[in-house]
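Since the structure comes first, as structure tokens, the remarks are kept for the end.
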Amino acid sequence: MQQVTVRIFRLDVATGRREPWKEFMPSDPAGVGLINPVFLTPDGRHYVYSFRRVLSDLYLAEGLR
């Protein structure tokens, strides 16, 4: 099973140094294929993201003639 995770990094513009900051993943990742986009407030205290979920049903029929 593939996990859909978005990783956000902090970037020090002066040095170019990049460090991990947060990871986003829906609490129920079933059927999630893409998380996009992630929006942050200027102070980085709040964020919002959206994702698309595609679910379907699979039926098994046995003994058909």
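Only the coordinates and a few stated rules stand behind these numbers; no lab work does. Treat the numbers as computed from the prediction; the structure is a model and nothing was measured. Counting neighbours? That spans all protein chains shown, and the Cβs are built from the backbone with ideal geometry, glycine included.
Among Phe51, Pro20, Val32, pick out the residue whose Cα is farthest towards the positive end of the charge dipole of the chain, where Lys and Arg carry +1 and Asp and Glu carry -1 on C-beta, about the Cα centre.
Value: Pro20.
If all Cα-Cα distances of the chain are sorted into 5 Å bins from 0 onward, what percent lands in each bin, rounded to whole numbers?
Pair shares across the bins are 4, 12, 19, 17, 13, 10, 7, 5, 3, 3, 3, 2, 1, 1, 0.
Return the distance in nm (one decimal) between the two label points of a simple spin-label model at Tyr49 and Ala14, each offset 7 Å from Cα along Cα→Cβ.
Here the modelled spin labels are 2.9 nm apart.
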